[in-house]
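Q: Take this structure, written in structure tokens, and hold onto it; I'll ask about it next.
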Amino acid sequence: MDILKVDHVGIAVNNLNETLKFYEDVLGIKCEGKETVEDQKVKVAFLPVGDTELELLESTTEDGPIAKFIAKNGGRGGIQHVAVRVLNIEKAIEEVKAKGYKMIDEVPRYGAGNAKIAFCHPKGTDGVLLELSERQ
Ligand SMILES: C[C@@H](C(=O)O)C(=O)SCCNC(=O)CCNC(=O)[C@H](O)C(C)(C)COP(=O)(O)OP(=O)(O)OC[C@H]1O[C@@H](n2cnc3c(N)ncnc32)[C@H](O)[C@@H]1OP(=O)(O)O
Ligand SMILES: [Co+2]
């Protein structure tokens, strides 16, 4: 599988604008943009760090995956997933399945920044939610 790089680290937060202040004011990272991804029930802020990004994620609903992650994490945010950039996401999904591992998404979904994304089930990685991301 052609893994090109770590595309981003997904960080769940309770309040995007609040937490963004630390990254911008203390670390000096300039937020490159924000986007609401309805399909994932998240509002996202992109923070470029070298050739990768931190992706701050705030839930837009009570029942979205980020809200559930925070609820299960005692109300605190945290690193919720890691995304790797792949050359061809359909091929990557097939390879994961061919090797006997479970995909959460068998078909790519819309990702922030007009990416095509698909999540591998954390069972296969012994507890890390891994996102495959192909950028157009
Ligand atoms: C904007 C976009 C982008 O980059 O473009 C995004 O990133 S959107 C980022 C937000 N969207 C997503 O995360 C979509 C993919 N995530 C999901 O579909 C869900 O969060 C699941 C991963 C299926 C977990 O769902 P849920 O918590 O409802 O199910 P569950 O409680 O039964 O959890 C199933 C097992 O996965 C574990 N589990 C849950 N969330 C996890 C996480 N973030 N990292 C590692 N393990 C995790 C649970 O502990 C449990 O393990 P045990 O069974 O051992 O107790
Ligand atoms: Co992501």
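Q: Given the C-alpha atoms of the range 94-136, compute the convex hull and give its volume per residue in Å³.
A: Measuring per residue, one finds 64 Å³ for the Cα hull of the range 94-136.
Q: May I have the pair-distance distribution P(r) for the range 61-134, computed from all Cα-Cα distances with 10 Å bins from 0 and rounded to whole percent?
A: With 10 Å bins starting at 0, P(r) equals 19, 48, 28, 5.
Q: Shifting gears a bit: Across the range 123-136, in residue order, what do the Karplus-derived ³J(HN,Hα) couplings come to in whole Hz, using 6.51 cos²θ - 1.76 cosθ + 1.60 with θ = phi - 60° and x for Gly and Pro?
A: Computed from phi, the couplings for the range 123-136 are 4, x, 10, 6, x, 10, 7, 10, 9, 9, 9, 10, 9, 5 Hz.
Q: With every protein chain left in place, what is the accessible area of T19 in Å² (1.4 Å probe, nearest 10)?
A: The accessible area of T19 comes to roughly 50 Å².
Q: Round to a whole number: what % of the accessible area of the range 1-134 belongs to carbon and sulfur, probe 1.4 Å? All intermediate terms of the calculation are to be shown ahead of the outcome.
A: On the way: 3960 of 7280 Å².
Carbon-and-sulfur percentage of accessible area, whole number: 54.
Q: How much net charge surrounds P108 when only the other residues with a Cβ under 10 Å from the Cβ of P108 are counted, with Lys and Arg +1 and Asp and Glu -1? Each step should come with its number before you reach the end.
A: Details: positive: R109, K116; negative: E90, D105, E106, E134.
Local charge sum for P108: -2.
Q: Take I3 and V49, extend 7 Å from each Cα along the Cα→Cβ direction, and tell me the distance between the two endpoints in nm.
A: Distance between label points: 1.8 nm.
Q: Where does the charge balance sit around N15 when Lys and Arg score +1, Asp and Glu -1, over other residues with C-beta under 11 Å from its C-beta?
A: Counting the neighbours of N15, the net charge comes to 0.
Q: Could you sort V6, V44 by their accessible area in this structure, using a 1.4 Å probe and putting the largest first?
A: V6, V44
Q: Tell me the GluC sites (Glu not before Pro) within the range 59-128 that lie in a loop according to DSSP and have at most 14 other beta-carbon atoms within 10 Å.
A: Taking the range 59-128 and a limit of 14 other Cβ atoms within 10 Å, the loop GluC sites (Glu not before Pro) found are E62, E106.
Q: Run the simple label-point estimate for A98 and K123 please: 7 Å along Cα→C-beta, distance reported in nm.
A: Simple spin-label model gives 2.2 nm for this pair.
Q: Continuing with this model, one more query. Plugging the Kirkwood radius over Cα pairs into Stokes-Einstein for the range 1-90, at a temperature of 10 °C and a viscosity of 1.306 mPa s, what D comes out in µm²/s?
A: Working: Rh = 13.7 Å.
The diffusion coefficient I find is 116 µm²/s.
Q: Let me ask something else. So what's the back-of-envelope 222 nm ellipticity for the chain, counting only DSSP H runs of four-plus at -39500 (n - 2.57) apiece and dividing by all residues, rounded to 500? Write out the running numbers ahead of the final one.
A: Values: 3 runs with 24 residues, N = 136.
Rounded to the nearest 500, the figure is -4500 deg cm²/dmol.
Q: Can you check what the net charge comes to around R135, using other residues whose Cβ is under 10 Å from the Cβ of R135 (Lys, Arg +1; Asp, Glu -1)?
A: 0
Q: Here is a follow-up. Could you pull out every one of the aspartates and glutamates with an alpha carbon less than 14 Å from that of K5, ignoring same-chain neighbours closer than 8 positions?
A: Within reach: D51, E53, E131, E134.
Q: Relative to the longest principal axis of the C-alpha atoms of the chain, give the angle of the C-alpha long axis of helix 89-98, reported between 0 and 90° and rounded to the nearest 10°.
A: 60
The values are calculated or read from the model by the stated rules, or taken from the named source; none is laboratory data. Note that the coordinates shown come from a computational prediction; the quantities given were computed from them, not determined experimentally. As a convention, Cβ positions derive from the backbone with ideal geometry for all residues, glycine included, and neighbour counts pool all protein chains shown. Please note that ligands, DNA and RNA were not included when accessible areas were found on the heavy atoms of the full protein model with its side chains. Shrake-Rupley method; radii C 1.70, N 1.55, O 1.52, S 1.80 Å.
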